[in-house]
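Just so it is clear, none of the values below were taken in a lab; they were calculated from the coordinates. From a predicted model like this one, the values you see are computed outputs, not experimental measurements. With ideal geometry, Cβ positions are generated from the backbone for all residues, glycine too; neighbour counts draw on all protein chains shown.
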Amino acid sequence: MSSPALAVHALHAYYGESHVLQGIDLEIAAGEAVSLIGRNGAGKTTTIAAIAGFIRPRGGSVAVSGTDLTGAPPHRVARAGVALVPQGRRIFGDLSVGENIAVAARPIPNGWDEAKVMELFPILARRRAVRGDQLSGGEQQMLAIARALVRNPTVLLLDEPSEGLAPKLVEQVGDVLQRLRATGLAILLVEQNLGLATQVGRRVLVMNKGTIVFTGTPAELAAHRDVEARYLGV
Amino acid sequence: MSPELVFQQALNGLSFGALLFILASGLSLVFGMMDVVNLAHGAFYMLGAYVALSVVQATGSFWLALLVAPFALGLLGFVLEPLLLRRLRGRHLDQVLLTIGVSLVIVDVIGQVWGREVRSLSAPAGLDGSVTLIGGVYPVYRLFVMAFGVALAAAMGIVYRRTRIGMLIRAGVQDAEMLGALGVDTNRLFASTFAAGAALAGLAGVIAAPVFGVQPGMDTDPGLLYSLVVVVVGGLGTLSGAVAGSVLVGPADTFGKVLFQDVALAVIFAIVALVLLLRPTGLLGRIRIAR
């Protein structure tokens, strides 16, 4: 049996004294999309940070395609096949659109390259020479996804890609993610937007206070109104 | 002041500015990329001058010294960063204390190895004469310093704007963590950046030696003091900021020393205060220095 694209087991992490992740388990297979939802402060972004290597977990493990990467620095996680579309996009403002893509590129035969991501997001081709900090929020989001794709990842982590986007753009991001999943990518989508989370995720995980409190399909989540009221409502 | 004297001092000021650029560009690069205020930068500058002194004594070649000293300092930086600084990432006070400590050690070692008397290094053959410009006699070497500073700024500008290394620097200055998440080994990038900063300090030490001499105390004045003033005035972390700061501080300091001998340093600090008051990021910087 082959290893899952991403396997996280009993992950514990702290920010200073506060115990932000209290035993997170999740596995994502190639070609599978999982959504992670929950209120602000539930630990979603910390989960991403611990997988990406931004913070060092105090316990548990992170493995990508069977390779243990627990506590590895970000570049090793990235080189193992993980790409990140971070919260707030973190586009390099002093780099042009083309340079933002070039700085990330890890070419493979028949993989994603600049031409292909520009085909996916034609607006980026027209803005190729524009500085990152001159782009609109929507354009920056597309560039953040494009920048992750040219890594030719096996695992794609996205942290609130719908943040600040018009509904039409959110829909477009959802379509792109479904197409990517169909190509065999493993996707972990952290979202506040329940619509996008249930559109993209075949499984939905609900997080609260550093633990996963619900796992199910979008339909099962819809059937559990109490989960929504307790962990997602305002 | 007669017009000739004004012209002479303007040339002196610009030549000093060019030297300040060579000196401050390394400090600015390291701060911008690594968020480290390297207070050993002045000691690196001093060590560069003393290494040059020894190379010239041994071989008689200033030009060889101009290659060897930056290389030696670069090597030192490449070793020191992973050995000492890496453990202190994000801990500003500890970095300040550490780099002051490194600076004290270097200055002491220099005293032990080279002694504590004032030394001098002559300008290389061909650049040791003077020319007559607008009715005044002017040392050729100072014109060379100016040309060297301009050439270095241009070369750094090309690297910064047109090469992959420059792209990594511009991206890393803004968000090194994100760069890591895109597969770039930021540990290696930081060690290389610190090495480049130290090499630039060493280069400045060689270039400055024929003008200011080689002596104890040069690590703070002009070393650390002026490089800090330049980056604070010009703005931290950008190449254009280092250029702007140098071009402003060089002439301002030179004229300050001519016009107000007794309070020359006050002129510089008045400029620093004024810039921080009006533009807390420095003239062309992106990082807020004062709140």
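At-a-glance table
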quantity: Shielding by other protein chains, B:162-173, mean Cβ within 10 Å; calculated: 3
quantity: Rg/Rh ratio calculated on Cα atoms of the protein assembly as shown (Kirkwood radius); calculated: 1.08
quantity: Gaussian network model of chain A, Cα within-10 Å springs - most flexible of A:Gln134, A:Gln22, A:Gln178; calculated: A:Gln134
quantity: Amide proton proximity set for A:Leu6, modelled H, under 5 Å, gap of 5+; calculated: A:Ile28, A:Ser65
quantity: Estimated FRET transfer efficiency when R0 is 41 angstrom, pair A:Asp113-B:Val159 (beta carbons, to 0.05); calculated: 0.95
quantity: In degrees, nearest ten, helix B:264-278 long axis to first principal axis of chain B (Cα); calculated: 40
quantity: Dmax and Rg, reported as Rg then Dmax, of the range A:1-73 (C-alpha, Å); calculated: 12.1, 39
quantity: Ranked by how many other beta carbons lie within 10 Å on average, peptides B:165-178, B:36-49, B:122-135 from highest; calculated: B:36-49, B:165-178, B:122-135
quantity: Positive dipole terminus of the protein assembly as shown, leading residue within A:His75, B:Gly115, A:Asn208 (C-beta point charges); calculated: A:Asn208
quantity: Computed magnitude of the charge dipole of chain A (debye, nearest 20; Cβ of K, R +1, Cβ of D, E -1); calculated: 260
quantity: Charge context of B:Leu225, other residues only, Cβ under 13 angstrom, K/R +1, D/E -1; calculated: -3
quantity: Between 0 and 90°, nearest 10: helix B:41-59 axis offset from chain B longest Cα axis; calculated: 60
quantity: Amide proton proximity set for B:Asp128, modelled H, under 5 Å, gap of 5+; calculated: none
quantity: Sum of side-chain charges, B:Ala155 neighbourhood, beta-carbon under 13 Å (Lys, Arg +1; Asp, Glu -1); calculated: +2
quantity: Whole-Hz ³J(HN,Hα) from phi, Karplus 6.51 cos²θ - 1.76 cosθ + 1.60, for the range A:202-215, glycine and proline x; calculated: 7, 10, 10, 10, 9, 10, 8, 6, x, 10, 8, 9, 8, 9
quantity: Nearest-20 debye value, chain B charge dipole, Cβ charges on Lys, Arg, Asp, Glu; calculated: 720
quantity: Cα-based helix-to-principal-axis angle, B:164-181 vs chain B, degrees rounded to 10; calculated: 40
quantity: Whole-Hz couplings from phi, Karplus 6.51/-1.76/1.60, listed for the range B:250-257; x for Gly and Pro; calculated: x, x, 4, 5, 4, 5, x, 6
quantity: Candidates A:Val34, A:Val85, A:Val170: whichever shows maximal mean-square fluctuation once chain A is modelled as a Gaussian network with Cα springs under 10 Å; calculated: A:Val170
quantity: Calculated FRET value between A:Arg202 and B:Arg87, using beta carbons and R₀ = 41 Å, to 0.05; calculated: 0.40
quantity: Highest-first arrangement of B:233-242, B:143-152, where packing means the average Cβ count within 10 Å; calculated: B:233-242, B:143-152
quantity: Options B:Val102, A:Ala5, B:Gly26, ranked by Cα towards positive dipole end of the protein assembly as shown, top entry (Cβ charges); calculated: A:Ala5
quantity: 28 Å Cα-Cα reach of A:Lys168 towards lysines, excluding residues that sit fewer than 8 places from it in its own chain; calculated: A:Lys44, A:Lys116
quantity: Length-normalised contact order of the range A:72-153 in % [C-alpha pairs under 8 Å, at least 6 apart]; calculated: 47
quantity: For B:Gly235, distant residues with modelled amide H under 5 Å away; calculated: B:Leu283, B:Leu284
quantity: Antiparallel DSSP beta bridges within the protein assembly as shown, percent to nearest 5; calculated: 60
quantity: Average other protein chain Cβ within 10 Å of Cβ, residues A:66-73; calculated: 1
quantity: Test item: Cα-centred dipole of the protein assembly as shown, Lys/Arg +1 and Asp/Glu -1 on Cβ, debye; calculated: 600
quantity: Length-normalised contact order of chain A in % [C-alpha pairs under 8 Å, at least 6 apart]; calculated: 28
quantity: Table column - 3J(HN,Hα) (Hz), the range B:191-204, Karplus curve with 6.51, -1.76, 1.60, x for Gly and Pro; calculated: 4, 5, 5, 5, 4, 5, x, 5, 4, 5, 4, x, 4, 4
quantity: Length added when fully stretched, B:Gln261-B:Val6, from 0.36 nm per residue minus Cα-Cα; calculated: 90.2 nm
quantity: Furthest towards positive pole of dipole, A:Tyr15, A:Ser35, B:Gly90, structure part the protein assembly as shown, Cβ charges; calculated: A:Ser35
